[in-house]
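Colleague: Before I ask anything, let me first share the structure, which is written out below as structure tokens.
The values are calculated or read from the model by the stated rules, or taken from the named source; none is laboratory data. Fair warning: this is a prediction, and the values are worked out from it, not measured in the lab. Note that we place each Cβ from the backbone using ideal geometry, even for glycine, and neighbour counts take in every protein chain shown.
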Amino acid sequence: MIDFWLATGLLLLIALSFLLIPILRERRVQREEDRTALNVALYQERVAELQGQQAEGVLSVEQMDSGRAEAARELLADTEGVAPARVSRLGKPLPLLAALLVPVLGLALYLHFGASDKVELTREFAQAPQSVEEMTRRLERAVAAQPDSAEGLYFLGRAYMAQDRAADAAKIFERTVKVAGRQPELLGQWAQAQYFADGKQWSPQVQALTDEALKIDPKEVTSLGLLGIAAFEGQRYQEAIDYWKRLLAQLPPDDNSRAALQGGIDRASEKLVASGGKVAEAPVVKGALLKVRVDLAAELKAKVRPGDSVFIFARATQGPSAPLAAKRLTVADLPATVELGDADAMMPQLKLSNFPEVQLVARVSRAGQPTAGEWIGRSQPLASSTAAQQHLTIDSPDQ
């Protein structure tokens, strides 16, 4: 903050210069006016002396006029270049008072409306914290300065969890949900913090939070892990195995937590067998696969070209606008039957099976652009798990 205040002081000095420079200039003008008055007084004294000598008969009239002219020339020479006197209507006290009030008022306004605390936080976050406690203190100040920052709240909640402050974390995650909305990841974090804050006691609130998170995203990892822990603690070992296997399927192959999770599955299996039970294999969950037959309306066949591109894709009715799965044909291929499934996903995180309801779209694009074309056909919303073959006709102008 030292360089910040040095820069502030420099700016204040520049501002003060606009007030102090006119005062300093006025002093110089005053000195010039004083010198001019002195020259005039000397001129008057010289003229009086010449008049006295003339009265005494020492000087003639011609000599008197010549001496007066000489004195006038000297006066003009001494006052040449002096600016005319300027009348100041403000006077000196007001500019001096303003010079004192400007920095004081500016500093007071900055301390009241400014963001020095945020500037300091920015500088602190630019340096790596020395401990978890120091990071937590920084995050607390950041949340106090920006109470509506969902990102700051989220990271503060994670920091509290790292310090085993589950009760504080639960309150913070609740605030995060209010700010950012009921996102599945946030609901899972809130449920986990509340579970540990309650002394690992399962409660209707925790159940409701995990149910809501998995309803929005069946692969939400925190909720799956938490439900597995709760089932294991309640000696419901088969449920724990199922939840943890679902979680294991979501983790990348190089994730460090895979070994610990597999160890938990093994322990749950051992306890289940020791209690006389048998480990059941989890049902294989197949990815979504939609079959659709695409055709062109009869009235459009004369308006299209065989080489025009045909894009067939599925998109979520509620969610991202990007296609979940897509394939490309040409008009010459129509009519055609295609399959859209998880293997055709445009992005790994956007799969058909992740969204309960989708819409099928087919577009003819002469320029080969999947986002804009000449003709289009759309289906009614349907479940992504639909097994029956769908029929889609391209019959409308693409607007």
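Colleague: Just give me the residues in segment 161-173 being crowded, with 16+ Cβ neighbours inside 10 Å and in a loop (DSSP other than H, G, I, E, B), in sequence order.
Modeller: Of everything in segment 161-173, just one residue is crowded, with 16+ Cβ neighbours inside 10 Å and in a loop (DSSP other than H, G, I, E, B), namely 165.
Colleague: Looking for whichever is in the same structural domain as residue 332 (by TED's automatic domain parsing) and among the basic types (Lys, Arg) here; the options are 293, 258, 267. Which one fits?
Modeller: After ruling out the rest, the residue left standing is 293.
Colleague: Shifting gears a bit: Given (1) at pLDDT 90 or above; (2) under 42 Å from the mean Cα position of the chain (by Cα); (3) surrounded by 17 or more Cβ atoms within 10 Å (Cβ to Cβ), identify the lone condition not met by residue 269.
Modeller: Every listed condition holds for residue 269 apart from (2).
Colleague: Could you check segment 328-399 for strands (runs of 3 or more DSSP E) lying wholly inside it with 3 or more residues that are farther than 26 Å from residue 307 by Cα and not assigned by TED's automatic domain parsing to the domain that holds residue 219?
Modeller: Per the criteria, no element qualifies.
Colleague: All but one of (1) touching a strand residue (DSSP E or B) at 6+ places or on another chain (Cβ under 6 Å); (2) at pLDDT below 90 hold for residue 252, so report the exception by its number.
Modeller: If we test residue 252 against (1) touching a strand residue (DSSP E or B) at 6+ places or on another chain (Cβ under 6 Å); (2) at pLDDT below 90, just (1) comes out false.
Colleague: Here is a follow-up. Residues to consider are 132, 221, 206; find the one that is of a type outside the set (Ser, Thr, Tyr) and farther than 24 Å from residue 261 by Cα.
Modeller: Within the list 132, 221, 206, the selection yields 132.
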